[in-house]
Amino acid sequence: MIIINNLHAKIDGKSILNGINLTVKPGELHVIMGPNGAGKSTFANVLSGKPGYEITEGSVQYLGKDLLAMSPEVRACEGLFLSFQYPIAIPGVNNMYFLKAAMNAIRKYRGDSELDAMDFLKVIREKLKEVNLDDSFIKRPVNEGFSGGEKKRNEILQMIVLQPTLSILDETDSGLDIDALRTVAEGINNFRNSDRSFILITHYQRMLDYLEPDFIHILLDGKIVKSGDKSLALDLEERGYSWVKDQSSQLPKA
Amino acid sequence: MTSFNASRQQAREFLLDNGFPTNKDEAWRFTNIQPIINQEYDYGFHPPSNSSNKNLLLSDAYQINIHSGEYNNPDQFSEFSLTSGCTIERLVSSENNSTVKALFSTIVPAHQDAFTALNTALFQDGLIFIVPDNIRLDKPVHFHLENEIANHPTNLNFRFLIILGKNSKCTIVLSNEGVGESSFSNFVTEIKLSDNSQLDYHVIQFGGENDHQITNTGISLEDNARVHAQYFSTGGKTIRNDLTVNLSGQGAECDIRGLILGKNNGLIDNHSLINHIAPNCTSNEIFKGVLTDTSHGVFDGLVTVFPNAQLTSANQKNQTLLLSKDATTNSNPRLQINADNVKCSHGSTTGELDMDAVFYLQSRGISEEMAKFMLIQGFALEILDSISNESVKNILQQAIEKYLIDIKRTGS
Ligand SMILES: Nc1ncnc2c1ncn2[C@@H]1O[C@H](COP(=O)(O)OP(=O)(O)OP(=O)(O)O)[C@@H](O)[C@H]1O
Ligand SMILES: [Mg+2]
């Protein structure tokens, strides 16, 4: 699915990613954890093509193609999706218009016919239920005045509507109440299948109780310093990051 | 009152004494009127054209075309009066009408400024439109001026006197579409809203490449009267609107909205004065601007709360989106509060397109170009939210879309 090789990135002259290696196969769910400022969101942003970053080294192969050469919209059309840590509000553009434009842009790219308003409405109504948002949300401007949790559910709504192949979820669990956390986790679980992959960024073990992660990676100072199975998340919950930091400082510098 | 001739004479003297403003005058600091006044004009109307532009046809409205002289057709007026119950007449033949006698040149006095004086001195004609007490018009009344291409630049000074009786209700659209060769239209509109009346008033200006449009409008509101005034201006060499709203009766409300879409080297300038004279009145004012190329937008708004006007609520906002490095804006929202029990706010923001928002849309598969289109459109469309007449709303939505396609084509 995606092969990330020795990825280095800078922003405003400052190195944030310092050689990330990660391979995700179809159907896998990888979790990335790491302290604040480690570079998790930067990693997600670089993969989705946000401007402003300078890629100084490394490569990313996505479905056999050079991901870094694609524009953000082409990446999305190729099935990459980012659920933002801080989804921004877009006053004046209503959610329905936005989602329909997005869905049709992707369909067009793939050579499918565009959906008309009626068909689209049918799709969206069904998906809204899955994330437990009521119909009024699609008539409101994108994320405008949405509560923190509503914004996160709106991200997941977009994911299940746009049906990406690789979903990067950046702290989608932060800010969700207990019920919403379960709803969102169920949404992700229903959406999982053997062709779809996930990179989930989180600080907490909670959401992982509902999901079956294949791998847990710890990102520190822009590098993956430790990988393991889901028990690693439990260790972290208990002990924090200091022991990982101690271990990694003993590693030879790359 | 004084006769038309006497008013014309006084206005002419005012103009001769004071001359035209220069950029040293505070209210004209950013408005270069040299291209307007250093030009010789034919006075009057262009002949009607067959190739009339249909951009501004409202479906289901009483339409009165000023340019083609239809306003000059008494049959049309009597038919209109019969179906609507309202009165409409030519101003030049209504000098002895008691309403004209009482109100002409009182809501927008000739000495207010040079262009009002110019209009008062030289007006070729005008219309008086009266909605009697308790009449509630369902269809909008649409006055349309189209400046045709003529061999010579033409100056038209036209006036409206509009009176809404008690408990009456009406939607008026005043549109001006310039396609002309340095044409210059100079309108004065005086509006009186009696107790409990309600007016939706739309000014729609589609400027031609070289034309100049100036409007001076005064709206005077009595007890519990309400006005929703909406200005939409795009294109043109110079568009300048002056609006004075007098909230003179208790409980009166005004909702003033404006959208300017500037391109090329056009100037669009909106000046407004909102006077809270009586207590318990509400005013909301928002002007938005989208500017590209080397266009220039000006907003100058003063809200004054008079000493008696307790329990005033006033909001004023100006927001501008600059799409090019060379587009400029001057924003000057002002509040002058002379009463103590009031709720007022004002603010102004100017910015470029939010590139994080562009990226957000791109990350969902939408092209950069389309993302920008959607964001500018969203910014502009907000101003149309409160328009109740669908046909007016449609025309403005289309105009926004046309502007966006135009500027995309020219690559700005
Ligand atoms: N424009 C910038 N200039 C300099 N440093 C920046 C810039 N943008 C981000 N950074 C830094 O990059 C580092 C990584 O940020 P990033 O958002 O990727 O962290 P994160 O791992 O997602 O943290 P969190 O868990 O708090 O979300 C931070 O130290 C941040 O301050
Ligand atoms: Mg982050």
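The values are calculated or read from the model by the stated rules, or taken from the named source; none is laboratory data. These numbers were taken from a predicted model, which means no experiment stands behind them. Glycine gets a Cβ as well: all are built from the backbone with ideal geometry, and neighbour counts include every protein chain shown. Only protein heavy atoms, including side chains, enter the accessible area calculation; ligands, DNA and RNA are left aside. Shrake-Rupley method; radii C 1.70, N 1.55, O 1.52, S 1.80 Å.
Quick notes on this structure:
- When the criteria are applied in full, A:Leu22 fails the requirement of being touching a strand residue (DSSP E or B) at 6+ places or on another chain (Cβ under 9 Å), open to solvent by 30 Å² or more (accessible area, probe 1.4 Å) and closer than 23 Å to A:Asp221 by Cα.
- Index of the failed condition, B:Gly301 passing every other in (1) open to solvent by less than 10 Å² (accessible area, probe 1.4 Å); (2) in a loop (DSSP other than H, G, I, E, B): (2)
- For B:Gly180, the stated conditions hold: it is more than 13 Å from the chain's Cα centre (by Cα) and at pLDDT below 95.
- Tabulated pairs, the range A:39-51, first free of Cβ contacts under 8 Å to residues at least 60 places away in the same chain and more than 11 Å from ligand 1 (Cβ to nearest atom), second open to solvent by 10 Å² or more (accessible area, probe 1.4 Å) and charged (D, E, K, R), C-beta under 8 angstrom, 6+ apart or interchain: A:Gly49/A:Arg75
- Meets criteria (more than 14 Å from chain A (Cβ to nearest Cβ) and crowded, with 19+ Cβ neighbours inside 10 Å) for B:Leu396: yes
- The strands (runs of 3 or more DSSP E) found wholly in the range A:37-100 and carrying at least 1 residues that are more than 14 Å from chain B (Cβ to nearest Cβ) and on the phi < 0 side of the Ramachandran plot occupy A:53-62.
- Among (1) open to solvent by 10 Å² or more (accessible area, probe 1.4 Å); (2) more than 16 Å from ligand 1 (Cβ to nearest atom); (3) touching a residue at least 24 places away in the same chain (Cβ under 8 Å); (4) in contact with a His (Cβ under 9 Å, 6 or more places away or on another chain) - the single one A:Ser227 does not satisfy: (3)
- Failed criterion for A:Glu144 (all others in (1) modelled with pLDDT under 95; (2) away from chain B (no Cβ under 12 Å) hold): (2)
- Enumerated helices (runs of 4 or more DSSP H) restricted to the range B:68-144, each holding at least 3 residues that are open to solvent by 10 Å² or more (accessible area, probe 1.4 Å) and more than 17 Å from B:Thr2 (Cα to Cα): B:74-84
- Just one of the listed residues (A:Ile168, A:Ile156) is within 30 Å of A:Gly240 (Cβ to Cβ), within 16 Å of ligand 2 (Cβ to nearest atom) and among the β-branched types (Val, Ile, Thr), namely A:Ile168.
- Scan of the range B:324-362 for residues that are surrounded by fewer than 18 Cβ atoms within 10 Å (Cβ to Cβ) and within 14 Å of chain A (Cβ to nearest Cβ), ordered by number: B:Thr349, B:Gly351, B:Leu353, B:Asp354, B:Met355, B:Asp356
- Restricting attention to the range A:114-131, the residues that are free of Cβ contacts under 8 Å to residues at least 40 places away in the same chain and in contact with a helix residue (DSSP H, G or I) (Cβ under 7 Å, 6 or more places away or on another chain) add up to 7.
- Subset of the range A:52-90 [aliphatic (A, V, I, L, M) and away from ligand 1 (no atom under 16 Å from the Cβ)]: A:Val60, A:Leu63, A:Leu67, A:Leu68, A:Ala69, A:Met70, A:Val74, A:Ala76, A:Leu80, A:Ala89, A:Ile90
- Scan the range B:399-412 for residues that are open to solvent by 60 Å² or more (accessible area, probe 1.4 Å) and either of a type in the set (Val, Ile, Thr) or facing another protein chain (nearest Cβ under 7 Å) (or both) and the total you get is 2.
- For the range A:1-15, the count of residues that are at pLDDT 95 or above and within 14 Å of the chain's Cα centre (by Cα) is at least one.
- For the criterion of being of a type in the set (A, V, I, L, M) and within 14 Å of chain A (Cβ to nearest Cβ), B:Leu321 passes.
- A:Phe98 open to solvent by less than 60 Å² (accessible area, probe 1.4 Å) and away from ligand 1 (no atom under 16 Å from the Cβ): yes
- Picking from residues in the range B:353-381 that are part of a loop (DSSP other than H, G, I, E, B) and over 35 Å from the mean Cα position of the chain (by Cα), the one that is farthest from A:Arg107 (Cα to Cα) is B:Ser363.
- Any hit, the range B:196-205, residues being touching an Asp or Glu at 6+ places or on another chain (Cβ under 6 Å) and either at pLDDT 95 or above or under 24 Å from B:Glu382 (Cα atoms) (or both): no
- Where B:Asn147 falls short, out of the listed (1) within 30 Å of B:Glu13 (Cβ to Cβ); (2) over 18 Å from the mean Cα position of the chain (by Cα); (3) buried (at least 19 other Cβ atoms within 10 Å of the Cβ); (4) modelled with pLDDT under 90: (2)
- Scanning the range A:177-235 for residues that are of a type in the set (A, V, I, L, M) and either within 14 Å of chain B (Cβ to nearest Cβ) or more than 16 Å from ligand 2 (Cβ to nearest atom) (or both) yields a count of 13.
- Any chance A:Lys10 is closer than 30 Å to B:Leu381 by Cα and within 12 Å of ligand 1 (Cβ to nearest atom): no
- Matching entry among B:Thr294, B:Thr312 (being over 21 Å from B:Ile383 (Cα atoms), over 18 Å from the mean Cα position of the chain (by Cα), open to solvent by less than 30 Å² (accessible area, probe 1.4 Å) and not aromatic (Phe, Trp, Tyr)): B:Thr312
- Subset of the range B:195-211 (residues that are part of a loop (DSSP other than H, G, I, E, B) and either open to solvent by less than 30 Å² (accessible area, probe 1.4 Å) or without any contact (Cβ under 8 Å) to a residue 40 or more places away in the chain (or both)): B:Asn196, B:Ser197, B:Gly208, B:Asn210, B:Asp211
- For the range B:245-268, the set of residues classified as in a loop (DSSP other than H, G, I, E, B), open to solvent by 10 Å² or more (accessible area, probe 1.4 Å) and under 25 Å from B:Asn32 (Cα atoms) consists of B:Lys263, B:Asn264, B:Asn265, listed by residue number.
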